[in-house]
Amino acid sequence: MRVLSSIIVITALLCIPLSTQAAKHAEKKEARTAIVLASFGSTVTEAQDAEAAFVREAEKRYAPTRVVLANTARMVMAKNAANGIVIPSLFRALADLADQGYTRVAVQSLQLIPGAEYDGIAAVAKAQEGLPKGLEKIGLGAPLMASNEDCEKVAAALIGSLPKERKAGEPVVFVGHGARHGIGGMVYPALQWHMANRDAKIFISTLEGTPDRETTLKALGKPGAKKPVLWVAPLLGLAGDHAVNDLYGGGEDSWKSVLTKEGWQVKEAFTPLYGVPAIREIWFDHLDAALLALKNDALQ
């Protein structure tokens, strides 16, 4: 009887490490990954539709991985919520995913440059990573133009997005938000350089940065008495307030008003970047890199 008892005890002891290993293996298998698309947001219906279309494409591309949209602009979220449109902040989206049992999240920034907005996204991701019973790892996808190679790809994509109605020699101005400080402000001059190598009649300008409107007007030169055509296009992810008012609005300080007063016949190339397939591919390339980094980290 004592021999039988000893055998039972020894067998139980031998099973403990196996059970622990099995538990660890099960825990590893239960790791769940999700994707968050972090967009500035907009109160304009057409821009919201563009966001939704981006999410649908990501869901199809990365199925069955969960894809969530988050906004970063507090005022936009507040106005939308007042109208019954609730899109979570990045912090809320990450917290919700943790509560739902997800352990790893790839956050893809839908910003254009590594500026203040992108820095804010990175800070939220860092704050949410590694919390007890929270998200173990958060990967961060780079903004649209994070490298010289990105700028080259964007230049080609922008040219490809222009209306077929544009005739040879007609100038085009792509207007972005811009950045007053930091490395993000260097992106637009870099993009201008790549653009000039492809089409000397295409100019990059910004609302708040370099090149500014005055610099661009000098580069365009005087239009003369014939009111030649000039195309104005948004260098913006969404056709929100900036596009509707700052670019094409009826106010005297809008780009359309100023250029018309200068003597140009302004035409609108109204295709925001979310609507350009080749541009979306660059963002998806960055998301692929973030997901791969999460996968490699999990194998370590």
Please rank S109, S257, fewest neighbouring Cβ atoms within 10 Å first, as an exposure proxy.
S257, S109
Output needed for the stretch 224-300: three equivalent-ellipsoid semi-axes, defined as square roots of 5 times the C-alpha gyration tensor eigenvalues, in descending order, whole Å.
41, 12, 8
Considering the Cα positions of the stretch 148-272, please state its Rg to one decimal place and its Dmax as a whole number of Å.
13.6, 41
Order by neighbour count: K218, K227, K201, K133, fewest other Cβ atoms within 10 Å first, most last.
K133, K218, K227, K201
Residues whose placed amide H lies under 5 Å from that of V229, excluding near-sequence neighbours:
Q265
All Cα pairs of the stretch 35-160, percent lying beyond 18 Å
56
Going by how many other Cβ atoms sit within 10 Å of their own, how do M186, M77 line up, fewest first?
M186, M77
Mind listing the phi-derived Karplus ³J(HN,Hα) values for the stretch 100-117, rounded to whole Hz, using 6.51, -1.76 and 1.60 with θ = phi - 60°, and x for any glycine or proline?
8, x, 6, 10, 9, 9, 9, 9, 9, 6, 9, 7, 8, 10, x, x, 4, 4
Quick P(r) readout (the stretch 102-143; Cα-Cα; 10 Å bins; whole %) gives 31, 50, 18, 1
Please work out how much length the chain gains when fully extended from T210 to K126, using 0.36 nm per residue of separation minus the C-alpha to C-alpha distance, in nm with one decimal.
27.2 nm
Please report, to two decimal places, log10 I(q)/I(0) for the chain at q = 0.09 Å⁻¹ as given by the Debye formula with identical point scatterers on the Cα atoms and no solvent.
-0.52
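Here, each number is a calculation from the coordinates, and none is a lab measurement. Worth saying up front: this structure is predicted, and the values here are computed from it rather than measured. With ideal geometry, Cβ positions are generated from the backbone for all residues, glycine too; neighbour counts draw on all protein chains shown.
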